Amino acid sequence: GRIFFAKQEPLPNRGDSNVWAVTIENSHASTPFRVTTGPGWTDAFSAPVDGKSLFYLKNYAQQQIFIATLSADGTQLTSHNRLAADDSQNIATSWTADSQYLLMNSDRNGKQDIYKQPLNGSLPEPLVMTSQNETQPRLSPDGHELLYLSTPVEPSPEALTTIMAVPEIGRAHV
């Protein structure tokens, strides 16, 4: 298996970070190796169960989502493309069970809603749109529910964040 992690760059590039990984075999870790390169801070990343791809968020002046293909041995990127190439704040948080879509929240309609983004770069499909801000979508462990956080658009200090679950969306639509 592999463990991915973000590592801050040395001086003079301390404002940048990249994804690194180690390979685990027989309870021993390999020497860490760099997977991504480039400016910007790596905010989040995730690989699907099949380990063939990786999504990562690079924070420049605005976060951008990239989808990357890993080499067969998982030690380097063979290609990467920017997804959701618009001016919205798009934040990917997890994969669908079939590894064909990223689950994300986006402010493309003025507030944060939940979408699934096809890996081919076509327009994201809305999954949850309410009068609240919906963020951090993830599938339940059994893949049968979409879990996310819901907060008021104009929260007060007393406002609560609610953990929401949409039954069966994992099986039927995600």
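The values are calculated or read from the model by the stated rules, or taken from the named source; none is laboratory data. As the structure is a prediction and not an experimental result, all values here were calculated from the model. Methodologically, a virtual Cβ is constructed for each residue, glycine included, from the backbone with ideal geometry; neighbour enumeration extends over all protein chains shown. Note: accessible area is taken over every heavy atom of the protein model, side chains too, but ligands, DNA and RNA are not part of it. Shrake-Rupley method; radii C 1.70, N 1.55, O 1.52, S 1.80 Å.
Of the GluC sites (Glu not before Pro) in the range 97-163, which ones lie in a loop per DSSP and count no more than 13 other C-beta atoms within 10 Å?
Glu158
Round to the nearest 0.05 the FRET efficiency obtained for Ser140 and Asn120 when R0 = 22 Å and r is the Cβ-Cβ distance. It would help to have the intermediate numbers written out before the result.
Values: r = 26 Å, r/R0 = 1.18.
Once rounded, the FRET efficiency stands at 0.25.
To the nearest 10 square angstrom, what accessible area does Leu149 show with a 1.4 Å probe?
50
Of Trp95, Trp41, which has the most accessible area with a 1.4 Å probe, and how do the rest follow in descending order?
Ranking Trp95, Trp41 by accessible area, largest first, yields Trp41, Trp95.
Using a Förster radius of 25 Å, what is the FRET efficiency between Asp43 and Thr161 based on their Cβ-Cβ separation? Nearest 0.05, please. Each step should come with its number before you reach the end.
Details: r = 20 Å, r/R0 = 0.79.
For R0 = 25 Å, the calculated efficiency reads 0.80.
Subtract the Cα-Cα distance of Met129 and Arg34 from 0.36 nm times their separation in residues, and report this length gain in nm to one decimal.
Net length gain for the segment: 30.4 nm.
Return the distance in nm (one decimal) between the two label points of a simple spin-label model at Leu11 and Thr151, each offset 7 Å from Cα along Cα→Cβ.
3.6
The range 5-61: which trypsin sites (Lys or Arg not before Pro) are DSSP loop and have at most 14 other beta-carbon atoms within 10 angstrom?
Listed in order of number, the matching sites are Arg14, Lys52.
Using Cα positions and a limit of under 30 Å, work out the lysines in reach of Lys52, with same-chain residues fewer than 8 apart set aside.
Within reach: Lys7, Lys116.
Straight-line reach from Lys58: which aspartates and glutamates fall under 12 Å, measuring Cα to Cα and dropping same-chain residues less than 8 apart?
Asp16, Asp43
Leaving out ligands, DNA and RNA, what percent of the accessible area of the chain is carbon and sulfur, probe 1.4 Å?
Working: 4950 of 9540 Å².
After summing per-atom areas, the C and S share lands at 52 percent.
Percent relative contact order of the chain, based on C-alpha pairs within less than 8 angstrom and at least six residues apart?
11
Please compute the per residue accessible area over the range 17-171 with all protein chains in place, 1.4 Å probe, rounded to a whole number of Å².
53
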